[in-house]
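Working notes, beginning with the structure itself.
We did not get these values from a lab; they are worked out from the coordinates using the rules stated. Being a predicted model, the structure only gives us computed values, none of them experimental. Cβ sites come from the backbone with ideal geometry, for glycine too, and all protein chains shown count toward neighbours.
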Amino acid sequence: MTYSVIMAGGVGSRFWPMSRRARPKHLLPLVNGMPLIEATIKRVLPIIPQENIIIVTNEYQYRRIFEILPWLNENSFLIEPFGRNTAPCIGLAAVRIKAQDPTAVMAVLPADHIIDDVAEFQKCLQQAIEIAREDDSLVTIGIPPTRVETGYGYIQRNHRLNDHLPIYQVKTFAEKPNLATAKRFIKSGDFYWNSGIFIWRVDVIMKHFEEFLPELYQRLCEIEELSTAPDAKKQLRYIYRRTRNISIDYGIMERAPSVKVIEGKFGWGDIGSWEEAYRRTAKDKNGNASVGEHLFLGSRNCYVNSAKKFVAVVGLENVIVVDSGNALLVCDRNNAQDVKEVVEQLERRKAKRFL
């Protein structure tokens with residue numbers, strides 16, 4: 001069987017002040033009036049049946065997702081006691097799937113991506129699933145870069161593995177680069193953006209947990225034994241408290257000997273910052289883009305998002321203005337990635353009303 005694991009526990013701090021704990025980015029209707037998570041689920045339904053879709057989230061977001069997607073059922077959810085990054089999240093889902101089918105293929109997707117060409121995405125995902133089903137490789141999808149971007153991770157490809165499919169052996173993974181490094185990546189012509197989409201068999205990823213993250217693997221074995229425990233929820237919290245916070249990229253993907261990347265030309269976007277929202281919004285002749293009532297005077301290349309307040313921008317360039325009711329963001333577009341630092345400062349100040 002094939003399962004889809006949708007990771008939906010993050011907040012999207014670079015999308016503050018719209019993205020909050022109570023209403024994180026993947027619950028916002030940023031695409032065709034549809035919440036991002038709903039669009040993510042509907043993209044995979046033609047390939048993977050609804051009963052095989054697992055949404056990994058937290059207790060609070062579970063209730064919010066259920067409210068906006070009541071056609072799901074409780075078995076569609078897997079609740080993490082607290083966030084521990086992507087490796088524990090994926091491991092927890094692998095344990096759930098292993099109990100149903102130890103050799104099932106699992107396709108792991110973030111809940112907050114935008115895909116322009118859904119048919120091409122489905123074709124690419126199906127190809128990746130078939131590859132993962134046939135061998136012991138870890139498969140990911142790489143996106144041909146369309147610009148120099150410091151907000152994404154990168155994947156460097158090696159030799160091509162198939163004459164009919166654009167699939168390559170992975171040479172290396174790279175974290176989010178600085179501007180000079182990103183320019184070098186683009187110039188080389190052999191780097192993809194890291195989509196954060198992963199496909200593999202359950203037995204294969206469990207072996208990689210055992211080899212490269214043995215402590216986490218031990219925790220997953222403990223979780224596996226909880227299925228019949230009367231206090232399973234309490235025990236899961238105890239185990240998770242002792243679980244290391246680590247990403248699947250750093251923990252496994254960068255270290256595994258056989259990782260393949262298939263090229264995905266389907267118009268991918270990670271709405272990770274307001275700069276990406278600006279890129280995807282229609283612009284006037286001066287490069288200004290807006291959501292809500294606005295007025296631009298002598299301004300160029302600005303972005304405004306304000307659903308309830310009229311906003312006038314006068315004599316400014318490359319500025320982002322976002323109003324969420326009780327919070328206002330004003331920043332240079334070049335600093336859009338730094339918005340997460342606002343959230344970090346608010347957390348230190350315990351300013352919960354703004355989080």
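Mind listing the phi-derived Karplus ³J(HN,Hα) values for the range 5-10, rounded to whole Hz, using 6.51, -1.76 and 1.60 with θ = phi - 60°, and x for any glycine or proline?
Ordered by residue, 3J(HN,Hα) equals 10, 10, 7, 9, x, x Hz.
Express the relative contact order of the chain as a whole percentage, based on alpha carbon pairs under 8 Å and six or more residues apart in sequence. List each step's numbers first, then the result.
Values: 656 pairs, mean separation 69.6, N = 355.
20 percent.
If you scale each eigenvalue of the Cα gyration tensor by 5 and take the root, what three semi-axes come out for the range 70-125, rounded to whole angstrom and sorted largest first?
The answer is 23, 16, 14 Å, longest axis first.
Quick check on the exposure proxy: order ASP136, ASP231 from fewest to most C-beta atoms within 10 angstrom.
Details: ASP136 13, ASP231 10.
Ordered from fewest to most neighbouring Cβ atoms within 10 Å, ASP136, ASP231 come out as ASP231, ASP136.
Please list, in chain and number order, the residues 5+ apart from ILE6 or on another chain whose amide H is under 5 Å from its amide H, with Hs placed from the backbone.
ILE54, ILE55, VAL56, LEU109
Report D for the range 2-51 in µm² per second (integer): Stokes-Einstein, Kirkwood Rh on Cα pairs, 20 °C, 1.002 mPa s. Let's see the in-between values first.
Numbers: Rh = 11.8 Å.
Result for D is 182 µm²/s.
Which residue, LEU78, LEU28, LEU179, has the most motion in a Gaussian network model of the chain that connects Cα atoms within less than 10 Å?
LEU179
Using the Kirkwood radius over C-alpha pairs as Rh, can you work out the diffusion coefficient of the range 278-355 via Stokes-Einstein at 10 °C, viscosity 1.306 mPa s, in µm² per second? Numbers along the way, then the final one.
Values: Rh = 13.3 Å.
Calculated translational D: 120 µm²/s.
Among THR228, THR40, THR150, which comes first, second and so on when ranked by fewest other beta-carbon atoms within 10 Å? Present the calculation step by step, with values, prior to reporting the outcome.
Values: THR228 6, THR40 25, THR150 13.
Ranking THR228, THR40, THR150 by Cβ neighbours within 10 Å, fewest first, gives THR228, THR150, THR40.
Any of LYS25/LYS176; LYS207/LYS260; LYS25/LYS352; LYS25/LYS260; LYS283/LYS308 with alpha carbons more than 27 Å apart? Name them for me.
Details: LYS25/LYS176 20 Å; LYS207/LYS260 17 Å; LYS25/LYS352 17 Å; LYS25/LYS260 30 Å; LYS283/LYS308 20 Å.
Beyond 27 Å: LYS25/LYS260.
For the range 178-303, just the Cα atoms, rotate onto the principal axes and tell me the three extents in Å, largest first.
Projected onto the principal axes, the Cα atoms of the range 178-303 cover 65, 40, 26 Å.
Per the Kirkwood treatment, what hydrodynamic radius in Å, one decimal, follows for the range 2-270 from the mean inverse distance over all distinct Cα pairs? Present the calculation step by step, with values, prior to reporting the outcome.
Working: mean 1/r = 0.0526 Å⁻¹.
For the range 2-270, the Kirkwood estimate is 19.0 Å.
Mind putting together the pair-distance distribution for the range 99-183? All Cα pairs, 10 Å bins, whole percent per bin, short to long.
P(r) over the range 99-183, rounded to whole percents: 13, 40, 36, 10, 1.
Ignoring everything except DSSP H segments at least 4 long, calculate the 222 nm mean residue ellipticity for the chain; use -39,500 (n - 2.57) per segment, divide by total residues, nearest 500.
Values: 10 runs with 108 residues, N = 355.
That comes out to -9000 deg cm²/dmol.
Can you list residues from other chains, or at least 5 along the same chain, whose modelled amide H is less than 5 Å from the amide H of GLY153?
So GLY153 has HN proximity to ASN194.
Roughly speaking, what % of Cα-Cα pairs in the range 1-98 are separated by over 15 Å, rounded to a whole number?
Details: 2875 of 4753 pairs.
That tail contains 60 percent of the Cα-Cα pairs.
Only sites in a loop by DSSP and with at most 16 other Cβ atoms within 10 Å count here; which chymotrypsin sites (Phe, Trp or Tyr not before Pro) in the range 5-112 make the cut? Don't skip to the end; give the middle numbers.
Values: sites: PHE15, TYR60, TYR62, PHE66, TRP71, PHE77, PHE82; in loops: TRP71, PHE82.
Answer by residue number: TRP71, PHE82.
Could you state the principal axis extents of the C-alpha atoms in the range 238-304, from the largest down, to the nearest angstrom?
Projected onto the principal axes, the Cα atoms of the range 238-304 cover 55, 36, 16 Å.
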